[in-house]
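Chemist: A single structure is presented below for examination.
The values are calculated or read from the model by the stated rules, or taken from the named source; none is laboratory data. None of these values were measured; they are calculated from a predicted model. Here the Cβ is made from the backbone with ideal geometry for all residues, glycine too, and neighbour counts use every protein chain on show. SASA here: full protein model, heavy atoms, side chains in, ligands and nucleic acids out. Shrake-Rupley method; radii C 1.70, N 1.55, O 1.52, S 1.80 Å.
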Amino acid sequence: MSVYWAIARRSFRRYSTYRIATASGVFTNTIFGFIFCGVFLTLWSAEPGLGGYQAADALTFVWIQQGLLMPIGLFGAATTSELGERVRSGAVAVDLYRPVSLIGWWLSADLGRAGFQLIARGGVPLLVGTLAFDLRFPSGAAQWIAVAAALLLALLVSFGIRYLVALTGFWIVDARGVEYAAIVLSLFFSGMILPLVVFPGALGEVARATPWAATLQVPADVWLGRTAHGAGLALAFQLAWMAALLTAGALLTRLATRKVVIQGG
Amino acid sequence: MGSPQVLAWPAQYWLLIRMWIRSSLAYPTSFVLMTVGFALITGLDFVAVLLMFSHIESFAGFGLAEMALLYATAAMSLGIADLALGEIERVGNRIRSGEVDVWLVRPAGAFVQAAADNFALRRIGKPLQATVVLVGALVHLDLDWTAARVVVLATSMVTGALIFGSIFVLGAAFQFVTNDAAEVANAFTYGGQQLTQYPLAIFGREVVLAVTFVVPLAFVNYYPLLFVLDKPVPLGMPSWIGLLTPLVAAAMTAIAVTAWRAGLRRYRSTGS
C-alpha cells in the first residue's frame, strides 16, 4: 500500500511544480466562471426555477463546474493521456514490468494530480466566485462528508472512463479518435456545457443515467442538496458506476497484458 | 538574410503549412475522424444554446436565429484565427526546448514559422461547423438584406479573425516574458469566443466597457451584428459603432505586430 501512497505523493508534487502555469489556469477558469454566470443569470431570470434550480444554485453550479474541470479531468487529464501515449509508443511495457498493478500505479498518480488540482484549480475559482456572488454551501458535517465522498467517487468514475480510453491504444493504432469521442461525451453528458437538470425530456433522463453524470452533475447536486432521491442514492449511483468501470478496467488490463506478451513486448 | 532566394512571407507560410497538410492527409481516415471530432467538441457550445431554447423563446431579446448568428460569427472568427496561427500559443514550449534558436537561423521569418509550426488542418472543423450554423441562421432570419448589411456581416468575420488572431499573437509575445503562462491568453481567445456567443449587454456595464475599450472583443461580432440586426446599442454608444470594426482590427493587428517584435528582441535563448 505504501508504494501507492508514495506514487500519489510524488504525483502531487510533480503537478505542484508549475506555479505560473497553475496561476494562469486559475485565471482562465475564473474568467470562464464569470462568463457562465452572466449566461445562467440571464437564463434563470427568464425562467426562474428552471430544472428545480434557483439562480443561486445555478451560479454555485458554475463555480463547482469550473473548479472540478481540471481535478476530475472532464477534458481528459495529463496522467491518463500520458498513459495513452505510453501505450501508443510501447513504453507501457516498462510499466508492466513493475511489481505493482498497472491500474493501481496510474490511479495513484491520478489521485495525486487531482489532489493538487482540487486545492489550486478548484479552491481558488470557488473563492473568487464566493466573493463575487452569493453562493450556496453545504450545511452541516453530514453534508460536507457526503460532498467529500461524492468528489472522490466522481474522480474514480472519471478515472475509470479515462483509463479505458487510454487502453484502447492496445487495439487501435491511432486512438486519438477515441479520445476525441470521449471528450465530446464527457462535455455533453457531465453537465459541463449546461447542467443536466436543464436537459429536456428523455434526453435528460438518459443523460442523468450515464457515468458522466456521476463526474460533475452528481457531486454538484450533493453540494447543493438538490439530489432527486437523496444524497445516499446519488452516492450509490456513483459507486455502482465506479465498480463497473474499475472492474472493466482491471479485466481489460489482463486482456491487454496478454496481447503485449503475445507480441513479445 | 540578404540572399535573393528568400521567399516573401506568404510564400514561406504556404510552403510550411503545405508540408503539414500533406502529412496530416497521409492518414485520411484519422484526419476525417479528428476533423469531425474537433467540429463536434467545438460545436457543443451551440448545442447548449439549442437546449436553452427548449425552455425559452428569447435570450435577452435575441431569438434563436439571432443567437445562432452570434454563435456562428464568433465561432467562425475564432476558428479562422485558430486555424491560421493558433499553434503560436505553444511558443513557450518552443522557448523552453530551444527550438526558437532554430527558427532564427532559418531563411524564413520567426513569426511565419511560429504560426505555421505544426499547422493542424483538422482545426478546419470549427469554421466548418460555424458555416453550418451560419447557413441555418441566415435561412431562418427574416431580414431585408441590404448591401450594407451583407458587407458588414461578411467583413465582420474577417475582422473578427484579425482581432482574435492579434490576441493569440499578444499572448504568444507575452510568453517571451514568462513562458509558462500560455493559458492566460486562452481566457481571451477561447474565453472571448464563449463571451461573444452571447449578447454582451447581459454581462453588465463594466464588461461591455472592458470589451469595447480594453480588449475590443465587442467588435468581433457584437457591434457589427447589432448594426446588421438593427438592434439598439447599449450604454448610449453611437449606433454606428459597429462600422468602426475595420479600424479596431487594424489597430489590434498593429499592436500585436509591435508586441511580437518586442518579445522576439527580448529573447535570450534558454540559457543552460
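Chemist: Could you tally the net charge around A:PHE159, taking each other residue with its Cβ under 14 Å from the Cβ of A:PHE159, Lys/Arg +1 and Asp/Glu -1? Please list the in-between numbers first.
Modeler: Details: positive: A:ARG113, A:ARG162; negative: A:GLU82, A:ASP110.
So the surrounding residues net to 0.
Chemist: Still on this structure, please answer the following. Could you state, as a whole-number percent, how many of the C-alpha pairs of the protein assembly as shown are farther apart than 45 Å? All intermediate terms of the calculation are to be shown ahead of the outcome.
Modeler: Values: 22564 of 143916 pairs.
Summing the P(r) of the protein assembly as shown above 45 Å gives 16 percent of all pairs.
Chemist: Moving to a separate point now. Per 0.36 nm of contour for each residue apart, how much would the distance between A:TRP144 and A:SER81 grow if the chain were fully extended, relative to their Cα-Cα spacing? Present the calculation step by step, with values, prior to reporting the outcome.
Modeler: Values: separation 63, 0.36 × 63 = 22.68 nm, distance 3.12 nm.
Value of the extension gain: 19.6 nm.
Chemist: Set the Förster radius R0 to 30 Å, insert the Cβ-Cβ distance between B:LEU25 and A:SER89 as r into 1/(1 + (r/R0)^6), and round the FRET efficiency to 0.05.
Modeler: Details: r = 23 Å, r/R0 = 0.77.
For B:LEU25 and A:SER89, the calculated efficiency is 0.85.
Chemist: What percent do you get for the relative contact order of chain B when only Cα pairs under 8 Å and 6+ apart count? Write down the numbers at each step before the final one.
Modeler: Working: 341 pairs, mean separation 70.0, N = 272.
Over chain B, the number comes to 26 percent.
Chemist: With all protein chains present, how much of the accessible area of the range A:153-265 (probe radius 1.4 Å) comes from carbon and sulfur, to the nearest whole percent?
Modeler: Numbers: 3280 of 4630 Å².
Carbon and sulfur together cover 71 percent of it.
Chemist: What ratio of Cα Rg to 2.2 N^0.38 Å holds for the range B:59-155?
Modeler: Values: Rg = 18.7 Å, N = 97, 2.2 N^0.38 = 12.5 Å.
Dividing the Cα Rg of the range B:59-155 by 2.2 N^0.38 Å gives 1.49.
Chemist: Using every alpha carbon pair in the range B:131-211, what percent of pairs falls into each 5 Å bin from 0 up to the bin containing the largest distance?
Modeler: For the range B:131-211, the pair-distance distribution reads 3, 11, 15, 20, 18, 15, 9, 4, 3, 1.
Chemist: Please say if the range B:126-168 is rounded, prolate or oblate, where rounded means a/c under 1.5 for a ≥ b ≥ c the square roots of the C-alpha gyration tensor eigenvalues, and otherwise the choice is prolate for a/b larger than b/c and oblate otherwise? Show your work: numbers first, answer last.
Modeler: Details: a/c = 3.88, a/b = 1.43, b/c = 2.72.
Oblate.
Chemist: Determine which residues of the range B:240-271 fall in the zone a paramagnetic label at B:VAL177 would reach in this model, i.e. backbone nitrogen under 20 Å from the point 7 Å along Cα→Cβ.
Modeler: The answer is B:252-270, whose backbone nitrogens lie closer than 20 Å to the label point.
Chemist: Now, a different point. Set the Förster radius R0 to 30 Å, insert the Cβ-Cβ distance between A:LEU255 and A:ARG9 as r into 1/(1 + (r/R0)^6), and round the FRET efficiency to 0.05.
Modeler: Using R0 = 30 Å, I get an efficiency of 0.45.
Chemist: What does the charge add up to near B:ASP230, with Lys and Arg as +1, Asp and Glu as -1, over the other residues with Cβ less than 10 Å from its Cβ? Mind showing how you got there, number by number?
Modeler: On the way: positive: B:ARG149, B:LYS231; negative: B:ASP144.
Here the charged neighbours net out to +1.
Chemist: Between the range B:206-264 and the range B:23-100, what's the alpha-carbon centroid distance in Å?
Modeler: For the range B:206-264 versus the range B:23-100, the Cα centre distance is 21 Å.
Chemist: Further question: 7 Å from Cα along Cα→Cβ at both B:VAL105 and B:LEU209: what's the point-to-point distance in nm?
Modeler: 5.2 nm
Chemist: I would also like to ask the following. Summing both sides, how much accessible area is buried between B and A? Use a 1.4 Å probe and give Å² to the nearest 100. Provide the component values of the computation, followed by the final result.
Modeler: Details: alone 13670 and 12860 Å², together 23690 Å².
Using a 1.4 Å probe, the pair buries roughly 2800 Å².
Chemist: Show me A:94-107, B:104-117 ranked by packing, highest mean number of other Cβ atoms within 10 Å first. Provide the component values of the computation, followed by the final result.
Modeler: Values: A:94-107: 14.8, B:104-117: 17.5.
Ranking, from highest mean packing down: B:104-117, A:94-107.
Chemist: With springs only between Cα atoms under 10 Å apart, run a GNM on chain A and tell me which of A:ILE20, A:ILE172, A:ILE119 wobbles the most.
Modeler: With Cα springs under 10 Å in chain A, the top fluctuation among A:ILE20, A:ILE172, A:ILE119 is at A:ILE20.
Chemist: Dimensions of chain A along principal axes (Cα, Å, largest first)?
Modeler: 62, 42, 35
Chemist: Take the alpha carbon atoms of the range A:70-180, find their radius of gyration, then divide it by 2.2 N^0.38 Å using N residues; give the quotient.
Modeler: Details: Rg = 17.0 Å, N = 111, 2.2 N^0.38 = 13.2 Å.
So the range A:70-180 has a normalised radius of gyration of 1.29.
Chemist: Which whole number gives the average, over all residues in B:177-189, of C-beta atoms from other chains lying within 10 Å of the residue C-beta?
Modeler: Working: counts 0, 4, 2, 7, 6, 5, 10, 8, 2, 7, 10, 2, 1.
Across the residues of B:177-189, the mean count of other-chain Cβ atoms within 10 Å is 5.
Chemist: Could I ask something else about it? Would you calculate, for chain B, the mean residue ellipticity at 222 nm contributed by helices, counting each DSSP H stretch of 4 or more residues as -39,500 (n - 2.57) and dividing by all residues, to the nearest 500? Could you put the intermediate results ahead of the total?
Modeler: Working: 13 runs with 178 residues, N = 272.
Estimated from H runs of four or more residues: -21000 deg cm²/dmol.
Chemist: How much accessible surface area, in Å² rounded to 10, belongs to the heavy atoms of B:PHE31 with a 1.4 Å probe?
Modeler: Ignoring ligands and nucleic acids, B:PHE31 comes out at about 40 Å².
Chemist: Mind ranking B:SER97, B:SER156 by accessible surface for me, highest first, 1.4 Å probe?
Modeler: In descending accessible area the options line up as B:SER97, B:SER156.
Chemist: Something else about it: Lys and Arg at +1, Asp and Glu at -1: add these up for the other residues within a Cβ distance under 14 Å of A:ILE35 and post the number. Don't jump to the answer; show the numbers that get you there.
Modeler: Values: positive: none; negative: B:ASP45, B:GLU206.
Neighbourhood net charge equals -2.
Chemist: A further question on this structure: Can you give me the % of accessible surface on the range B:188-234 that is carbon or sulfur? Probe 1.4 Å, all protein chains present, nothing else counted. If you can, show how the numbers build up before the last one.
Modeler: Numbers: 980 of 1540 Å².
Carbon plus sulfur share of accessible area: 64 percent.
Chemist: So what's the back-of-envelope 222 nm ellipticity for chain A, counting only DSSP H runs of four-plus at -39500 (n - 2.57) apiece and dividing by all residues, rounded to 500? Provide the component values of the computation, followed by the final result.
Modeler: Working: 12 runs with 192 residues, N = 265.
Here the helix-only value at 222 nm equals -24000 deg cm²/dmol.
Chemist: Also, quick follow-up: So, R0 is 22 Å and r is the distance between the beta-carbons of A:ARG98 and A:LEU152; what FRET efficiency does that work out to, to 0.05? Spell out each step's value before the answer.
Modeler: Working: r = 25 Å, r/R0 = 1.14.
Rounded to the nearest 0.05, the efficiency is 0.30.
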